[in-house]
Amino acid sequence: MLPAREIEELLCQVIESKIRSLDQTKVSYKPFYTPLLGTGTLLTHQIVQSILTTFGMSVFEKVACLVARDNFDEVISQFKLNKTLSKRASDKVSNMIDDLRNKRVDPSAVNEYKVLRNSTMSLSDSIERDTVKVDLFLRRGRDLYLIDLKTVKPNKSGILDYKRQILEWVAQGFAQFGTKYNIQSAIAMPYNPYHPEPYLRFDIDKIFDIDGGQLLVGEEFWNFVAGADAFEELVAIFERAGSKVRPKLQALFDHR
């Protein structure tokens, strides 16, 4: 069972704090849209957009940490990953990205991680990377998961960058924890904007091994971090929180 009260409190605090900050909001100067759509419509849009922007990935990250606590031995947000990466592993990652970009291979998490594990056995040629903070670090026994939460509609050029990132994280993870651990990394998105269709933006399945867990979207992500049926339970929690804050939002709109 998910920590419903903690999640509800978090959601309500975020929304109520934003409502207080928006109490004096005025419509920005829009000489064409204001006479066309009306001040009230634009103000509503402006307030909702501000709330959604504030909500962002950080709130989903906090929720993920709350729901993962009972499903993993260790849960850390904004985990600092070792900056060390072997030159050999870096070269292997570049080769993998080139092969995927040119469609010479299909993505395979098993094969990719095996190559990176072997490439990290020696750090005699190590290079220093910029400090990396992993959104969500999960450990269950010797299984480690390095997860980065992203917006649900990345641009096309960003997809290969995301793939490079998770491969480098795996290599850096082996360098930090040792090859005795099973290390996996994934890009996660809190929901699927194309539901009920599968998430296949820009042929993303040609870059990420979906079956291998390199891309976790919506229901699959939440059920992974929190256990079976967690997604539906979480939606219900959001709905209960919404019933508490919606009247306050409506009052804000009516007041303006």
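The set of residues in the range 134-155 being modelled with pLDDT under 95 and either in contact with a His (Cβ under 7 Å, 6 or more places away or on another chain) or within 26 Å of Glu74 (Cβ to Cβ) (or both) consists of Lys150 alone.
Would the range 40-56 turn up any residue that is of a type in the set (A, V, I, L, M, F, W, C), at pLDDT below 90 and closer than 24 Å to Gly173 by Cβ?
no
Could you list, in sequence order, the residues of the range 60-81 that are part of a helix (DSSP H, G or I), in contact with a helix residue (DSSP H, G or I) (Cβ under 8 Å, 6 or more places away or on another chain) and buried (at least 17 other Cβ atoms within 10 Å of the Cβ)? Answer for the range 60-81, where residues must be part of a helix (DSSP H, G or I), in contact with a helix residue (DSSP H, G or I) (Cβ under 8 Å, 6 or more places away or on another chain) and buried (at least 17 other Cβ atoms within 10 Å of the Cβ): Val63, Ala64, Leu66, Val67, Ala68. With respect to Arg117, determine if the residue is over 22 Å from Gly56 (Cβ atoms), part of a strand (DSSP E or B) and in contact with a strand residue (DSSP E or B) (Cβ under 9 Å, 6 or more places away or on another chain). No. Take Thr44 and decide whether it is touching a helix residue (DSSP H, G or I) at 6+ places or on another chain (Cβ under 9 Å), closer than 29 Å to Glu6 by Cβ, part of a helix (DSSP H, G or I) and in contact (Cβ under 8 Å) with a residue 40 or more places away in the chain. Taking the combined requirement at face value, the residue does not satisfy it.
Against the test of being basic (Lys, Arg), free of Cβ contacts under 8 Å to residues at least 40 places away in the same chain, assigned by TED's automatic domain parsing to the domain that holds Asp125 and part of a helix (DSSP H, G or I), the options Arg88, Arg5 yield a single qualifying residue, Arg88. Residue count for the range 95-110 satisfying the condition of being over 19 Å from Phe202 (Cα atoms), surrounded by fewer than 15 Cβ atoms within 10 Å (Cβ to Cβ) and in contact (Cβ under 8 Å) with a residue 60 or more places away in the chain: 1. The residue list Ala188, Ala241, Ala236 contains one member that is small (Gly, Ala, Ser), modelled with pLDDT of 95 or more, closer than 14 Å to Val63 by Cβ and not in a helix (DSSP H, G or I), which is Ala188. Any chance the range 115-128 includes a residue that's of a type in the set (S, T, N, Q), closer than 21 Å to Asp203 by Cα and assigned by TED's automatic domain parsing to the domain that holds Ile204? For the range 115-128, residues of a type in the set (S, T, N, Q), closer than 21 Å to Asp203 by Cα and assigned by TED's automatic domain parsing to the domain that holds Ile204: absent. Looking at Phe202 and the list (1) surrounded by fewer than 19 Cβ atoms within 10 Å (Cβ to Cβ); (2) among the hydrophobic types (A, V, I, L, M, F, W, C); (3) out of contact with any helix residue (DSSP H, G or I) (no Cβ under 6 Å at 6 or more places or on another chain), which single condition is not satisfied? Phe202 satisfies all of (1) surrounded by fewer than 19 Cβ atoms within 10 Å (Cβ to Cβ); (2) among the hydrophobic types (A, V, I, L, M, F, W, C); (3) out of contact with any helix residue (DSSP H, G or I) (no Cβ under 6 Å at 6 or more places or on another chain) except (3). Among the residues of the range 27-41, the ones that are aliphatic (A, V, I, L, M) and either assigned by TED's automatic domain parsing to the domain that holds Leu136 or outside any helix (DSSP H, G or I) (or both) come to 1 in all. Here Lys163 meets each of (1) assigned to a helix (DSSP H, G or I); (2) farther than 24 Å from Lys62 by Cα with one exception, condition (2).
Of all the listed residues (Phe137, Phe208), the sole one being in contact (Cβ under 8 Å) with a residue 24 or more places away in the chain, crowded, with 21+ Cβ neighbours inside 10 Å and part of a loop (DSSP other than H, G, I, E, B) is Phe208. The set of residues in the range 156-167 that are modelled with pLDDT under 95 and buried (at least 16 other Cβ atoms within 10 Å of the Cβ) contains only Ile159.
The values are calculated or read from the model by the stated rules, or taken from the named source; none is laboratory data. Remember, predicted model here, so these are calculated numbers, not experimental data. Here the Cβ is made from the backbone with ideal geometry for all residues, glycine too, and neighbour counts use every protein chain on show.
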